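The values are calculated or read from the model by the stated rules, or taken from the named source; none is laboratory data. Since the model is a prediction, treat every value here as computed from it, not as a measurement. Please note: Cβ atoms are built from the backbone with ideal geometry, for glycine as well, and neighbour counts cover all protein chains shown. In case anyone asks, the SASA skips ligands and DNA or RNA and just uses the protein heavy atoms, side chains included. Shrake-Rupley method; radii C 1.70, N 1.55, O 1.52, S 1.80 Å.
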Amino acid sequence: MTNKTNIPGPQISALLLFRRLAPTCAEELSKQMHRAGIHNSNDVVDVLATGLRTFARMHGISSAAVFSQAWPEALNVLKNSRSEEDWTRLLPQEASAFKAPPRQISEAGMQMFRVLEVAMETMQMAPRTTVGFGVWIVTAVVIGHSGPLDADLSLEELAHYF
């Protein structure tokens, strides 16, 4: 980190932090979604994207701009951080499971919103950086859903959703 900050103590790069935390957050959120009745892996992506968009909108940030800028780097870093087998075990959901109703997806999206609020406060991140962190979480879920080799296609498709 080349810029000086007024925060005492050692500084950790966002890249290193996101690389380690995003898969863990993705795994925990997907488990919470599973317990809440979200059993389809496509729905998990929708839930997290909904929460991310809501968080970005509440903080006056374009989720589309941040998403299109952050996902290629997140994918590049994350896809090789675990084995393909580890990625397949990330999500308890399956693509063949029944789809959740839109209201359930919207309500579950608030969990992602709350995770981002807490992350922003706890890690003292700027709202835009927090949206970037949310993109890394969504990217980790997409890798878990599509696999490391096909995740780029799913993320390009998801970019239109924002």
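Only Lys, Arg, Asp and Glu carry charge here, each on its Cβ (+1 for the first two, -1 for the last two); on that basis the stretch 79-162 has a dipole of about 240 debye about its Cα centre.
Over the residues of the chain, the helix contribution to mean residue ellipticity at 222 nm works out to -22500 deg cm²/dmol, using -39500 (n - 2.57) for each DSSP H run of at least 4.
Charging the Cβ of each Asp and Glu at -1 and of each Lys and Arg at +1, and nothing else, the dipole of the chain about its Cα centre rounds to 500 debye. Share of carbon and sulfur in the accessible area of the stretch 22-162 stands at 51%, probe radius 1.4 Å.
Structural descriptor for the chain: relative contact order 39 percent, calculated from alpha carbon pairs under 8 angstrom and at least 6 residues apart.
Accessible surface calculations at 1.4 Å, restricted to protein heavy atoms, place the chain at 53 Å² per residue. Considering only Met110, Ala140, Gln93, and ranking their Cα positions along the charge dipole of the stretch 90-162 that arises from unit charges at the beta-carbon of Lys, Arg, Asp and Glu, the one farthest toward the positive end is Met110. Projected label points at Ser13 and Val118, each 7 Å from Cα along the beta carbon direction, are separated by 2.8 nanometres.
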